């Protein structure tokens, strides 16, 4: 239990080892004293016991870190003390306040928990929570597991629909839809088919949200086992993936002799052989300078790369 809580609250830089929740009080180091302090709070140690621990936290000079942990633990144990703005899923009409994200550690926990529980909510709720969590992650500079980040971007509609995935979504629902829902299926299939026919709709966030909400409503009524509709945005077409591809494309430039060069694959040695200044440039600057090289320099670089 203590290890899980410390993963949620985060720990000071001087806590390096895995936490052994064996109940042993240890004040031999700053790290051991912090763990003993945390264990006492989690287990609600008596006043006398905690006072004894506090003497050691003062000795090691870690009162600040311990007080920060105390505040974070209180927030985790008493979510009703947090403002509405701390929650990524807020639905007052349903008395729902979930996935508190008030610092990097709690944001990471909220992101993972939501991703694991997303199928319990309708699309509108998933979209709201995913968008809020991504904004919190950006605010607190939170690193998220890749599978979590991918799902959040899909649910937030930050990406582009994949034609093959859309076709598979239609086929799956056609196969599992009961006859009494055939008319409703045709309506949602028509919406999805619009994405296949019109590339612009695949990146239109407003259209994607409306389409996914309609398909999700159909799924809730007739196909509760269907894959979540946001999966029509494939991992390779989430916003970070698209941005990465765009950045990579911007590094492919054409020299004045007509030869295409990928700046990301150039070595400093090759660049220095043409002009020592080129070897010291950032990739972005290099991508803007190489297309302007005099023809002789472009020929030289081409020969070096061939």
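Structure above, values below:
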| item | result |
| --- | --- |
| Conditions (1) buried (at least 16 other Cβ atoms within 10 Å of the Cβ); (2) within 30 Å of residue 292 (Cα to Cα); (3) touching a strand residue (DSSP E or B) at 6+ places or on another chain (Cβ under 7 Å); number of the one not met by residue 239 | (2) |
| Some residue of the stretch 124-144 being touching a helix residue (DSSP H, G or I) at 6+ places or on another chain (Cβ under 7 Å), modelled with pLDDT of 90 or more and more than 27 Å from residue 9 (Cα to Cα) | yes |
| Residue 32 being at pLDDT 75 or above, under 20 Å from residue 5 (Cα atoms), surrounded by 17 or more Cβ atoms within 10 Å (Cβ to Cβ) and within 30 Å of the chain's Cα centre (by Cα) | no |
| Qualifying positions in the stretch 286-299 - closer than 14 Å to residue 270 by Cα and crowded, with 17+ Cβ neighbours inside 10 Å | 286, 290, 297, 298 |
| Single unsatisfied condition, residue 144 versus (1) assigned to a helix (DSSP H, G or I); (2) surrounded by 15 or more Cβ atoms within 10 Å (Cβ to Cβ) | (1) |
| Residue match in the stretch 172-182 (condition: surrounded by fewer than 17 Cβ atoms within 10 Å (Cβ to Cβ), in a helix (DSSP H, G or I) and in contact with a strand residue (DSSP E or B) (Cβ under 9 Å, 6 or more places away or on another chain)) | no |
| Unmet criterion (only one of (1) at pLDDT below 85; (2) closer than 15 Å to residue 8 by Cβ; (3) in the same structural domain as residue 12 (by TED's automatic domain parsing); (4) surrounded by 14 or more Cβ atoms within 10 Å (Cβ to Cβ)) for residue 38 | (1) |
| Candidate set from the stretch 56-97 (those that are out of contact with any helix residue (DSSP H, G or I) (no Cβ under 7 Å at 6 or more places or on another chain) and modelled with pLDDT of 90 or more); member that is farthest from residue 119 (Cα to Cα) | 59 |
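The values are calculated or read from the model by the stated rules, or taken from the named source; none is laboratory data. Keep in mind that what you see is a predicted model, and the values were worked out from it rather than measured. Methodologically, a virtual Cβ is constructed for each residue, glycine included, from the backbone with ideal geometry; neighbour enumeration extends over all protein chains shown.
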